[in-house]
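Q: Next up is a structure, given as structure tokens.
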Ligand SMILES: Cc1cc2nc3c(=O)[nH]c(=O)nc-3n(C[C@H](O)[C@H](O)[C@H](O)COP(=O)(O)OP(=O)(O)OC[C@H]3O[C@@H](n4cnc5c(N)ncnc54)[C@H](O)[C@@H]3O)c2cc1C
């Protein structure tokens, strides 16, 4: 029985974000998760600037409650100054993954998206018109038919395995223990304290007497079993490295993992897609997984909605892999480099010094900050000479709409539709897009914050990336509209 257009497997942050994006696109979507309740442990403590912007352009930042913006001004422990850069690259800090997931769940509830807990996907079969999914639910085994299936089921993804999609990556060579504690107050080491022999400890105060501690030690098992880890083992490892006892502390949760990484060879096979950790397993040391996954979701959501709604131009669905897989690959490479710097022994000291000298240069700092924050992402969306082409539209450009209302660019993307902004002098350009008005919002507005160089017109995809500018693009608006939004009605 066809239960929805799309089934999202996994109610982690990526699956929840994707389900919301699909719903905004008018898709009938259902989320299945094998857990009977949201996970209690809270892995990520924040996310990057671009991930935050992705939430902001759907109006979701206000749902997150209190958090702080802060600089992510180090690469593998080599610090550099983000304050000297023109753009603000700081990210969201001090926000638990559990709170991010709760906020997304609240959004889905408002959008009317069902999240079915206690439903574990165990198999599927693709047919020419859809996917037949097998699962085990609270009432036993079941079968559900959908048009598309998306595996957002995390590291070691079942969907990825069932689809037969191979991964490349590295085996784990060392372990990492982490715990969230109350009742003890270890000395804070928020970006980590390196210790002899490639060891490191991190202690991040979380407020309200809570602390996150992390132990990196080559002597820990390379493939620890997180389910078998006890707090005593974490406390032992912490004391061995720091001399501080935290045995009297109260653990809220403990977690163990290795430093393996993995990248799916394909992000799409037929009607089955992968997003988030299911597509790319980035070692937790880098703390980029959630951020990358949210952006996968925002990239895929509108494209899949276009396919379901019948207006996706040829090849649109394939641009998901073409755009996002290279980013996954780059992040894994960067995580390997950062981990060498962070966890290498004293032999890495000269490399750290050279990196420090390089990062004192503004152009190098700009490059690395762009990689870390996600603001440096530029997709190949067509040729031209405007520097914003293929990049995200800055969310805080101010405009006055034709009826005199003030607006910010991020606010105009709340609907997750395409966006064509034209200045009053260039309003005639908007007439050329009239045939796409059911998919693209046509906005006439005067720039209050004028983009540099100035823009008479700009076409923005639902994920916030600039697909065409006037002037500045080599191809014309009609071609760009057809490429991203299909045939005019
Ligand atoms: C210690 C640690 C710290 C981290 N810190 C950060 C950070 O600061 N910033 C950051 O950006 N990232 C961080 N990360 C990474 C981040 O936690 C992950 O990248 C993120 O959780 C991935 O989200 P996801 O939705 O892809 O997968 P997950 O969060 O793993 O969710 C997958 C979901 O799928 C469900 N599922 C699995 N199999 C099935 C099935 N067969 N059927 C139904 N449901 C299924 C699971 O129950 C789960 O709910 C950290 C990771 C760790 C381990």
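The values are calculated or read from the model by the stated rules, or taken from the named source; none is laboratory data. None of the values given here were measured: they were computed from a predicted structure. Cβ coordinates were reconstructed from backbone atoms using ideal geometry, including for glycine residues, and neighbour counts include every protein chain displayed.
Q: Which of (1) crowded, with 23+ Cβ neighbours inside 10 Å; (2) more than 12 Å from the ligand (Cβ to nearest atom); (3) within 17 Å of the chain's Cα centre (by Cα) is the odd one out, the single condition residue 51 does not satisfy?
A: Only one criterion in (1) crowded, with 23+ Cβ neighbours inside 10 Å; (2) more than 12 Å from the ligand (Cβ to nearest atom); (3) within 17 Å of the chain's Cα centre (by Cα) is unmet by residue 51, namely (2).
Q: Now, a different point. Kindly check whether there is at least one residue in the stretch 195-218 that is surrounded by fewer than 19 Cβ atoms within 10 Å (Cβ to Cβ), more than 20 Å from residue 96 (Cα to Cα), without any contact (Cβ under 8 Å) to a residue 24 or more places away in the chain and not assigned by TED's automatic domain parsing to the domain that holds residue 40.
A: No, there is no match, as no residue in the stretch 195-218 is surrounded by fewer than 19 Cβ atoms within 10 Å (Cβ to Cβ), more than 20 Å from residue 96 (Cα to Cα), without any contact (Cβ under 8 Å) to a residue 24 or more places away in the chain and not assigned by TED's automatic domain parsing to the domain that holds residue 40.
Q: While we're on this one: Quick check on my filter: what residues within the stretch 104-156 are without any contact (Cβ under 8 Å) to a residue 40 or more places away in the chain and under 26 Å from residue 58 (Cβ atoms)?
A: Result: 109, 110.
Q: Taking residue 37 as the residue in question, decide whether it is within 8 Å of the ligand (Cβ to nearest atom) and assigned to a loop (DSSP other than H, G, I, E, B).
A: Judged against the criteria, residue 37 is not a match.
Q: So which of 172, 168 is away from the ligand (no atom under 11 Å from the Cβ), within 25 Å of residue 341 (Cα to Cα), part of a loop (DSSP other than H, G, I, E, B) and touching a strand residue (DSSP E or B) at 6+ places or on another chain (Cβ under 9 Å)?
A: Step by step, each of 172, 168 is checked, and only 172 is away from the ligand (no atom under 11 Å from the Cβ), within 25 Å of residue 341 (Cα to Cα), part of a loop (DSSP other than H, G, I, E, B) and touching a strand residue (DSSP E or B) at 6+ places or on another chain (Cβ under 9 Å).
Q: Output the residues belonging to the stretch 54-68 that are on the phi < 0 side of the Ramachandran plot, more than 14 Å from the ligand (Cβ to nearest atom) and in a loop (DSSP other than H, G, I, E, B).
A: Hits for the stretch 54-68 are 57, 58, 60, 66.
Q: If you don't mind, there's one more thing I want to ask. Quick one: in the stretch 31-42, which of the residues that are surrounded by 19 or more Cβ atoms within 10 Å (Cβ to Cβ) and in contact with a helix residue (DSSP H, G or I) (Cβ under 8 Å, 6 or more places away or on another chain) is farthest from residue 297 (Cα to Cα)?
A: Ranking the qualifying residues of the stretch 31-42, first place goes to 42.
Conditions (1) near the ligand (Cβ under 9 Å from one of its atoms); (2) at pLDDT 95 or above; (3) in the same structural domain as residue 296 (by TED's automatic domain parsing); (4) part of a loop (DSSP other than H, G, I, E, B), marked per residue:
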residue: 126; (1), (2), (3), (4): no, yes, yes, no
residue: 144; (1), (2), (3), (4): no, yes, yes, no
residue: 155; (1), (2), (3), (4): yes, yes, yes, yes
residue: 162; (1), (2), (3), (4): yes, yes, yes, no
